[in-house]
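Enquirer: Could you have a look at this structure, given as structure tokens, before my questions?
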Amino acid sequence: MTRKRIGELLVERRAITQVQLEAGLEAQQRTRQRLGITLIQQGVITEVMLAQVLGQSLGLSTVDLTQVQVDWSAVHMLRARFCEAHELFPFAIEGKGTPTKRVMVALSDPLNQNALEEIEFTTGLKVAPYVSTHSQIRAAILRYYHKVSDAEAKARAPVAATGTVRLEPAEDEPPMVVGEEIVSASNPLPGAADPSLEKLIKERQSQAQAKKKAGGGVAKDLDFLFGGAGTEDEGVEKLERKFWALMRIMARKGLITREEFLKEVDGEE
């Protein structure tokens, strides 16, 4: 399925016109900010409208971070710089003590698949994405990671009711946006990266999952060897998710070639 961008979704939902999108993209090249923030600053849309349109278009729930009880165990799973770079905030853990446990994450850009994959790799958990506003996420980061008071956090990241938003600069150099793909130190410009390799890795992951459902794979072998009854499944699944996420991240950043992947995974020369 083709990955749509925020601008396309906004035009489809008639939240903005094609002319407004083109003007926003042109301004974005100068400001080096994300398209959503640029459109908000131009007064084309509000933060709340942006979150609602994204949620409706993608079939995701929205979350008001000012009204939820934040779980510190979720906050500690991710670093502040990562949250700032990707405009996201982990606010709860769903299904604690169960094999289907997931980390609930609020994002201003739920289309940021790269960030979702890195969260899965870092935490070993599946992600339950929610849509929130830029200023609520920024205020939550200030409040829970930088120990800023509620009042000060709101003052430094106010809700853009009038179509404007003031965000404090992150410690890292602000990323340059190309379309909706983030280009930064953690996600560099593609050089030797091979797009077909990432596709191949996804295909191999799907094949491995299909084999596992059919009764094969690592989990079954472990159960046979240790006489278990699925007790190792959760840990194995976490390791498998981390492995495939790591392979995709390395392929995306040009850190592994197609030949190296096939040699290590399939034993091909």
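The values are calculated or read from the model by the stated rules, or taken from the named source; none is laboratory data. Since we're looking at a predicted model, the values are computed, not measured. Please note: Cβ atoms are built from the backbone with ideal geometry, for glycine as well, and neighbour counts cover all protein chains shown.
Enquirer: Return the residue satisfying two criteria in turn: it lies in the stretch 26-70 and is acidic (Asp, Glu) and either within 21 Å of residue 86 (Cβ to Cβ) or in contact with a helix residue (DSSP H, G or I) (Cβ under 8 Å, 6 or more places away or on another chain) (or both), and of such residues it is modelled with the highest pLDDT.
Expert: First, the residues of the stretch 26-70 that are acidic (Asp, Glu): 26, 47, 64.
Still in the running and either within 21 Å of residue 86 (Cβ to Cβ) or in contact with a helix residue (DSSP H, G or I) (Cβ under 8 Å, 6 or more places away or on another chain) (or both): 47, 64.
Details: 47: 92, 64: 95.
So, considering only residues that are acidic (Asp, Glu) and either within 21 Å of residue 86 (Cβ to Cβ) or in contact with a helix residue (DSSP H, G or I) (Cβ under 8 Å, 6 or more places away or on another chain) (or both), the one modelled with the highest pLDDT is 64.
Enquirer: Which residue pairs have Cβ atoms closer than 6 Å, lie 6 or more positions apart in sequence or on different chains, and pair a first residue in the stretch 196-218 that is under 25 Å from residue 259 (Cβ atoms) with a second residue that is part of a loop (DSSP other than H, G, I, E, B) and at pLDDT below 75?
Expert: The qualifying pairs are 211/217.
Enquirer: What residue, among those in the stretch 17-34 that are under 23 Å from residue 88 (Cβ atoms) and in contact (Cβ under 8 Å) with a residue 24 or more places away in the chain, is surrounded by the fewest Cβ atoms within 10 Å (Cβ to Cβ)?
Expert: Residue satisfying both the conditions and the ranking: 32.
Enquirer: In addition: Looking only at the stretch 58-106, how many residues end up being in a loop (DSSP other than H, G, I, E, B) and closer than 23 Å to residue 4 by Cα?
Expert: The total comes to 5.
Enquirer: Being touching a residue at least 40 places away in the same chain (Cβ under 8 Å) and in a helix (DSSP H, G or I) is the filter here; which residues of the stretch 129-144 pass it? Give the steps one after another, and end with the answer.
Expert: Here is the first cut: in the stretch 129-144, the ones touching a residue at least 40 places away in the same chain (Cβ under 8 Å) are 129-141, 144.
Result: 134, 135, 136, 137, 138, 139, 140, 141, 144.
Enquirer: Looking at (1) in a loop (DSSP other than H, G, I, E, B); (2) out of contact with any strand residue (DSSP E or B) (no Cβ under 6 Å at 6 or more places or on another chain); (3) within 19 Å of residue 10 (Cβ to Cβ), which is the only condition residue 53 fails?
Expert: Just one mismatch for residue 53, condition (1).
Enquirer: Looking for something farther than 15 Å from residue 130 by Cβ and surrounded by 14 or more Cβ atoms within 10 Å (Cβ to Cβ) - is there at least one such residue anywhere in the stretch 64-72?
Expert: Among the residues of the stretch 64-72, not one is farther than 15 Å from residue 130 by Cβ and surrounded by 14 or more Cβ atoms within 10 Å (Cβ to Cβ), which makes the answer no.
Enquirer: Considering only residues that are in a loop (DSSP other than H, G, I, E, B), among the aliphatic types (A, V, I, L, M) and under 10 Å from the mean Cα position of the chain (by Cα), which ones fall in the stretch 107-128?
Expert: Hit for the stretch 107-128 is 111, nothing else.
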